[in-house]
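The values are calculated or read from the model by the stated rules, or taken from the named source; none is laboratory data. Fair warning: this is a prediction, and the values are worked out from it, not measured in the lab. Neighbour counts run over all protein chains shown; Cβ positions are idealised from the backbone, glycine included.
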Amino acid sequence: MNQKLDSFPLIDEQTIVQILNELNINVEMSDLRQPTFEKVKYIFSGFYEYLNLEEPHKIIMKNQAEINHVFRCSTQDTHSLSLPLITFFRQMKRILNSCDVSDFRLQDLTSPSRKRLQIQISALFNYNNFMESMKQNINDNLVENKNQKNNFEFLQRSAAQKREELLNLQEEDNILEPMLAELTTNINIQISNLHMNLQNYDTAIQRITGIQNQISGLEFNNKQLDIANNKLSVSIENLRLRRYNPENLDQLKMEIARFEREISQQTKNQQDIADKINDLDTTEINLAQLYQELQNFSEQTEKLRNLTQSQKSTLEIVEQQKDANQGLKQEKMQIDQELDQNQQLFTFYKSLQQNQNNDLKNDYLQKMEDKEKLQKIIDDISNELQQHKFELENVNENLEECRKTHQFRSTKLVEQINELIKTWVVQADEMDRIMAGK
């Protein structure tokens, strides 16, 4: 048969004594080397109480009322030690089974051995360390779970705030979008008007250049007229000097006719010049109006330039707002990713806690099942004891009946013997008498 291998380290006896004393379980080395029933029960009771299960004296008092009901005064003292011992043994067996010690026997309490006691105490130490480690892990997981939950709630609040800010920015964007469209339309209209005004400006510049050329020509004609007038004045002065010379009468007539023609021509030229001057005056008025229009156009152009600059600033603000919206969207995506990660961590820790709760629940259910089994065993023992009680009463009744029958038979037998003796005495006397008669 293969020897069972323990799944826990074996602790030396010196360390066991030290640890037990630290747990306020006062033992000595001799108690482990030569264990007794009372000392082993004391050690296991201390362990049972240290594991926060139940006080030992409450274990042995379980179902005491049922036990007292089964056993009358005549038999109660007989089982006053055995049943609490069995109850305590079953509780310790359940604990040691959890500690991977499945061969715990009643003899380990009543007749303990040094080696098995060392193994059992080592198993209890290992089980206690394991439970402490599990409790610490559970507490750490609960703290981590609480921290993750707080972080998750904080991120949820931050995400809600960011969503609200994003909604506000979207509302502002929705308000600014038609304004921006209208502003863009106005800018396009102003740009079209600007191109048209620039074309009109080019046309006006061309007209001004033509008028300036005409003015230069008129100035040249005026200079020619001045020269002609000077010549005419000289000619008139020559005529005045020669008008008294009769020899030159024909020539004078010719000169007068020529002067008349020149005067007529000069008059015509002066009329043309006057008309041109009138045209120039009209053109000057038109130029003044055009200059005023150009000034108005310059003012409108300056206003348009300022409006365009303002619109550019508005466009820059809108672009910055769009960039901010894009940044918020990216930040929202990052927050959503962090929320997903925290949700996964929260789900993981929640699942871990659920598994731990399930383990604790299963352990509790196992304890309740063991309790029910123990209760069933006690009930079976009680029923068996009750049955034995009934059988004992039947036996007592049978014994009483047998006693009475025996007494009756004894009395009857004594009577028969007496009768037989009497008969034998009579017969003996008769035989003596008969023998004496011979």
Item to check | Selected residue (only one of GLU400, GLU430 is at pLDDT 70 or above and in a helix (DSSP H, G or I)) | outcome: GLU400
Next on the checklist: Can you go through LYS162, LYS135, LYS146 and tell me which one is touching a Lys or Arg at 6+ places or on another chain (Cβ under 6 Å) and either of a type in the set (S, T, N, Q) or at pLDDT 80 or above (or both)?
Outcome noted: LYS162
Next on the checklist: If ASN52 satisfies all but one of (1) in a loop (DSSP other than H, G, I, E, B); (2) modelled with pLDDT of 75 or more; (3) under 52 Å from the mean Cα position of the chain (by Cα), what's the number of the condition it fails?
Outcome noted: (2)
Next on the checklist: Please count how many residues of region 187-212 are surrounded by 13 or more Cβ atoms within 10 Å (Cβ to Cβ) and of a type outside the set (A, V, I, L, M).
Outcome noted: 6
Item to check | Criterion: under 59 Å from the mean Cα position of the chain (by Cα), closer than 30 Å to GLN326 by Cβ and in a helix (DSSP H, G or I) - qualifying residue of LYS162, LYS149 | outcome: LYS162
Checklist entry - Among the listed residues LEU124, LEU194, LEU155, which satisfies the condition of being among the aliphatic types (A, V, I, L, M) and modelled with pLDDT of 85 or more? => result LEU124
